[in-house]
Amino acid sequence: MSRPARFGSNHASPGARLRTDPGGALVRVAVDAQVDRPERTFTYRMPAGEAAPGSLLLVRYGARLALGYLLPGDPDPVEDAAEIADVEAVISDPLLTPDLLALAEAVAVRYRAPIGLTLASMLPPGLESRLERRWEVVDPDALGIAAQAGEILTELQLRRHGLSVTPRWIEARRRGGAIRAAWRLRPPTSGPRSVLIVRRRSGEGRPVRGTVQNALLDALGAGESTLPELAGRLGRPPGSLRAAARSLAAAGWVDLEEVDDRRDPLGHREPGAAPAEHMAHEQATALAAIRSLPPGAELLLQGVAASGKTDVILAAVEATVASGEGALVLVPEVALIPQVADRLRGTVGSALSVLHSGLSVGERHDEWQRILAGAGHVVVGTRSAVFAPVRSLGLVVLDEAHEPGYKSDRAPRYDTRWVARERAALTGARLVLATATPDLVMAYRVRTGVAQRAQLADRRVGARPTVTVVDMRAELADGNRSVLSATLAEALAALPGDGSRQAILLINRRGASTFVLCRDCGEPLRCRECQLPLVHHLATAELRCHHDGRTAPLPSRCPICGSRRIRYFGAGTQRVEAEVRSQLPRLRVARLDSDALSGRRRFETIYDDFVAGRTDVLVGTQVAAKGLDLPSVVLAGVVAADVTLHLPDYLAAERTFQLLAQVAGRAGRGPMPGRVVIQTYAPQHSAIQAAARLDADGFIDEELPRRQAFGYPPFGALARLLVADADRRRGESRANAAAEAVSGPDVEVLGPVPAWVPRRAGRWRWQIVIRTPDEGTRADAVARAPAGVGIDVDPGSLL
């Protein structure tokens, strides 16, 4: 397949090594630091030798040493070459592929993030903390030690030579030329090692003595095993068997071999089923459309729930790998990784790697290096996995592509969908966006011919669920003050409680109560920092701010007026979980929200228990609505459909429709009929009605004219500016100055106004929204923003 060259005419070939002359060549470096312009790079002199673009460097930046990244292309002209600093050290071979270097420059310009920071965000975390300085011996005689010139020693090794090593001593020898710094990137932790024990002799004899040795031989049997496996069989720690194993080897009973044991994040899981051999006509047509996409082209794979989108994706990945290319499969939440990874592993086997924030630092390091070396041809992960260094990338898939989780909420504030399009254009990969509920921008790209579409309109398994919309106003009039309507409570009561039929309940709020109110003065209890209402958490018996994480004890009196008349209002996941347990104690209930997922691999435990039928009811936030494919789920209940509907955000109706339609798609995916209950105080709203009909195209038809009337995407471009300051008046003044600076022709400036979270981490926050008719005008406007102003291009929310 031909690959379009998009790296820029003024750049050297991205894969070429930069060979420097003895005096040192001038090179272009991105420094991991805040700079005045996002695209700003720096010129350094590379010492004699070789280095390739993508290598990690150590450079002098002001008064400190900083990490830098060697970029392809010619550096900017400099007036005085004598003032150019040398690169202190080349720390590593290239950690980034050529297309990622070009992608970083594009991301930095669009999202107004320093290119050094952008490159750092692409790599596994903690690189700077892993820098290790050692000392290369230049003149052994000057040191007075028996060493070879060029030998590299740590400070401890220098002391073992009898030297009195202090910072002053080191600096004096460095300046005198006796030693020079030698830097390296230390692995996050040494990889685990396993002793492989192989039976060497057969026969009935045993060692004359050694109970542990005999037990070890018995556990080994006639085959081979690792020491941790043998320890598990014997119920002993591996370290306690090491001496016995070495004694057996010395006596000739076994052979020992040290082997690397890669930290495999999926090693504890069983592979899932491979894609179906026989596809329906719609699926085969969709697969053919993906495989026939031109290089860099985009396709929307739009399919109703249980229509077989996953099987199409798996088949496309399998075909990509068979053609010698790599593939990226992204999901919006860590909780979706087990399901997708299990199926992919059943398809591509050991070629699969995984990248997400739930991995340990060591696991992320191992997986990154494996992918970079070409052993991981297929990568599954969350948002940041779009930067995985996959070689010969041929396919990029974003599953549940409509999800807001694909938008980064910290610098660089990139949208993964845009990044995936850019990377596909750079590499010639085919891009597939898979969802049952495409967002309006995605749908508009299809309708205007920018992207193609393949539709799966028929369910492969099960039948369309029955959808009931419950008017909670009527429930309240009938005296029902529970968070569960009579309809939903009856449906839950019909579950047998043996895991054969299950339910998912969605409440898009964490905690037990939305806010805590004093009934005398009418004031809610607020976070002292950001001034947003605190949320009651049952499990920890505390109040918690969901924006800055601060906690407070449950009060006995109102902190404002001293009244004891305090009441808890609203409902969150913990409240719903508690009420289901109270009303239906025979049902086994679990909770899936960010609080429940805080432990390492906790999401896998919750998911595995639900799949195995050890849980009857899963109560969750939107995490529970995304992509779970479980045939035993017969009931999906939306406890409060209005949570997101009335937020002051132009995306409120779209997000509500998507969430309701997605959770409705969890029910009836097996042979048993499914039922969906949507509880709402606004049953006639267009988003509620479209979700009840499971009509994505109908909702898009209704919502697009509203967007066009107000110039919102896809008919305009948005950016959000944020000014934060410890002094309230100074912050407001800076926000007014920023609004004035970005103003211009065809630029509508909304604000400044206090942000939705007006105060965070001791700083007052002001928000400015820019609305322009096109991206070019927006780019010019945000480029005029003063330094120190946070910029969010294509914001995922205006709150």
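The values are calculated or read from the model by the stated rules, or taken from the named source; none is laboratory data. Source: prediction; values computed, not measured. For the accessible areas, the whole protein counts, side chains as well, though only heavy atoms, and no ligand, DNA or RNA atoms are used. Shrake-Rupley method; radii C 1.70, N 1.55, O 1.52, S 1.80 Å.
Solvent-accessible area of the stretch 351-486 (1.4 angstrom probe, protein heavy atoms only): carbon and sulfur portion equals 46 percent. Think of a 1.4 Å ball rolled over the protein heavy atoms: the stretch 22-180 then has 47 Å² of accessible area per residue.
Backbone geometry of the stretch 469-478 corresponds, through the Karplus equation with coefficients 6.51, -1.76 and 1.60 at θ = phi - 60°, to 3J(HN,Hα) couplings of 9, 9, 7, 6, 5, 5, 4, 5, 5, 7 Hz, x marking Gly and Pro.
Tell me, what % of the accessible area of the stretch 109-157 is carbon and sulfur with a 1.4 angstrom probe? The C+S portion of the solvent-accessible surface of the stretch 109-157 is 47 percent.
Sorting His402, His685 on solvent-accessible area from highest to lowest, probe radius 1.4 Å, gives His685, His402. Using the 1.4 Å probe convention, the accessible area of the stretch 323-454 works out to 26 Å² per residue with neighbouring protein chains retained. Taking amide H as placed 1.01 Å from N in the peptide plane, Ser225 has its amide H under 5 Å from the amide H of Ile197, each at least 5 places away in sequence or on another chain.
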